[in-house]
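Take a look at the following structure, please.
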Ligand code: ADP
């Protein structure tokens, strides 16, 4: 069974085609600058790469091009598009409607549309991707895999904000959490690495990339996470501020005369590591600048590792200790220095990494010192595979 995974953004579309017989990626790619000048499709299959620069005015054209690439006589991996048995879509926000992935239906689409209010930057584009696929592949089942779903198991005390209860009732204002597909993948993979059933483990999953979040997972269920109503809450990130005293926001709006949209844009795109360092949102650039003596770059990295450490401590308390601390995503998988800094001085909590083992990069490994109580794992995340697995399982269960 061949499953196509689609992650549709405002001007980009990422895709991966899986053969679920062996969970192998047959092809993957990216359509960039949809609706803008210089649109490009980059299609990869095996070690090969095929780049097509052409006008891509909308997502319909983008998906058609993906199909063209997949069935191309020389560069394609399929004889016909009818070989695709199902499509899995990454969808950002399910509100409180779904705690699991689900087969797309009219009712599900209605719910995703209703939740545009909660995910205004992502849900509209996810919907476009689903509508285009429904149009171009009318008889192929489509599955929605939500970023928020894994976190629906959090207890109310973890997700309710300290504001009058009526605003939760009226507007569903609460913590939802994101990166759920990644945290779920990490949880399952950590259980495999530790050779223990998932429901016997306490895991702290640290997804540290451009967007970053941590989840506390007890017996396979998320009990708390750092992101909130939107991905803005929690850790300081590449360009997002993370936790703030809300008065910072109202004061800035007053002083600078910003509108709500301008303020949102500021908090999401101009803060975090970029804002503090003044160098870049990219951790590699900031690490280079810090190594060259740039004090603000050093401060940005210090602040980032400090907040990650603080939340790990908080989640150790929430879980009453952990079996494993897991690092994933761009920074978590690749940066030995950030992992070392985060784990420094946590031996009291049973966390101690081994310098030699910590040199792993982008591959699975246990980097904890043999003497330490808590395993520290590096596990490359794979949200696309998780989406493909859910799609495969849901479509097969319906048969
Ligand atoms: P997202 O999916 O949120 O865009 P990623 O998970 O791809 O982000 O992570 C991107 C971040 O990871 C970038 O800031 C990048 O600099 C950082 N990164 C990647 N490799 C390294 C590395 N070797 N050392 C430090 N940071 C790295």
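FYI, it's all coordinate maths here, none of it is from the lab. Nothing here was measured: the structure is a model prediction, and the numbers come from that model. So basically every Cβ, Gly included, is an ideal-geometry build from the backbone, and we count neighbours across all protein chains shown.
Can you give me the number of residues within segment 269-287 that are surrounded by fewer than 18 Cβ atoms within 10 Å (Cβ to Cβ), away from the ligand (no atom under 13 Å from the Cβ) and more than 15 Å from residue 232 (Cα to Cα)?
Selection size over segment 269-287: 1.
Here's a follow-up. Which of the residues that make up segment 159-175 are surrounded by 17 or more Cβ atoms within 10 Å (Cβ to Cβ) and either in contact with a strand residue (DSSP E or B) (Cβ under 9 Å, 6 or more places away or on another chain) or without any contact (Cβ under 8 Å) to a residue 12 or more places away in the chain (or both)?
Result: 159, 175.
Considering 212, 205, which residue is touching a helix residue (DSSP H, G or I) at 6+ places or on another chain (Cβ under 8 Å), within 12 Å of the ligand (Cβ to nearest atom) and within 26 Å of residue 189 (Cβ to Cβ)?
On inspection, the qualifying residue turns out to be 212.
Check off (1) surrounded by 15 or more Cβ atoms within 10 Å (Cβ to Cβ); (2) within 16 Å of the ligand (Cβ to nearest atom) for residue 349 and give me the number that stays unchecked.
Among (1) surrounded by 15 or more Cβ atoms within 10 Å (Cβ to Cβ); (2) within 16 Å of the ligand (Cβ to nearest atom), the lone unmet condition for residue 349 is (2).
Then there's this: Look at residue 189 and say whether it is farther than 28 Å from residue 281 by Cα, surrounded by fewer than 24 Cβ atoms within 10 Å (Cβ to Cβ) and either within 17 Å of the chain's Cα centre (by Cα) or within 16 Å of the ligand (Cβ to nearest atom) (or both).
yes
Could you check segment 327-346 and list, in sequence order, the residues that are assigned to a loop (DSSP other than H, G, I, E, B) and either surrounded by fewer than 17 Cβ atoms within 10 Å (Cβ to Cβ) or near the ligand (Cβ under 8 Å from one of its atoms) (or both)?
335, 344, 345
Exactly one of (1) within 27 Å of residue 112 (Cβ to Cβ); (2) in contact (Cβ under 8 Å) with a residue 60 or more places away in the chain; (3) assigned to a loop (DSSP other than H, G, I, E, B) is unmet by residue 60. Its number?
(3)
Quick check on this structure: which one of 35, 69 is in contact (Cβ under 8 Å) with a residue 24 or more places away in the chain and within 25 Å of the chain's Cα centre (by Cα)?
After ruling out the rest, the residue left standing is 35.
Where in segment 103-169 are there helices (runs of 4 or more DSSP H), lying wholly inside it, with at least 2 residues that are within 16 Å of residue 59 (Cβ to Cβ)?
In segment 103-169, the matching helices (runs of 4 or more DSSP H) lie at 106-114, 123-136.
Could you go through segment 289-305 and let me know if any residue there is crowded, with 20+ Cβ neighbours inside 10 Å, within 19 Å of residue 186 (Cα to Cα) and within 16 Å of the ligand (Cβ to nearest atom).
Scanning segment 289-305, I find no residue that is crowded, with 20+ Cβ neighbours inside 10 Å, within 19 Å of residue 186 (Cα to Cα) and within 16 Å of the ligand (Cβ to nearest atom), so the answer is no.
Sort through 204, 214 and tell me the only one that's buried (at least 22 other Cβ atoms within 10 Å of the Cβ) and either more than 14 Å from the chain's Cα centre (by Cα) or without any contact (Cβ under 8 Å) to a residue 40 or more places away in the chain (or both).
Unique residue meeting the criteria: 204.
Every residue in segment 364-399 that is within 16 Å of the ligand (Cβ to nearest atom) and either within 18 Å of the chain's Cα centre (by Cα) or assigned to a strand (DSSP E or B) (or both), please.
Those that are within 16 Å of the ligand (Cβ to nearest atom) and either within 18 Å of the chain's Cα centre (by Cα) or assigned to a strand (DSSP E or B) (or both): 365, 378, 379, 380, 381, 382, 383, 384, 385, 386, 387.
Results for (1) touching a helix residue (DSSP H, G or I) at 6+ places or on another chain (Cβ under 9 Å); (2) within 14 Å of the ligand (Cβ to nearest atom); (3) within 18 Å of residue 181 (Cα to Cα), shown as yes or no for each residue.
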{"site": "217", "(1), (2), (3)": "yes, no, yes"}
{"site": "227", "(1), (2), (3)": "yes, yes, yes"}
{"site": "230", "(1), (2), (3)": "yes, no, yes"}
{"site": "244", "(1), (2), (3)": "yes, no, no"}
{"site": "254", "(1), (2), (3)": "no, no, no"}
{"site": "259", "(1), (2), (3)": "yes, no, no"}
{"site": "267", "(1), (2), (3)": "yes, no, no"}
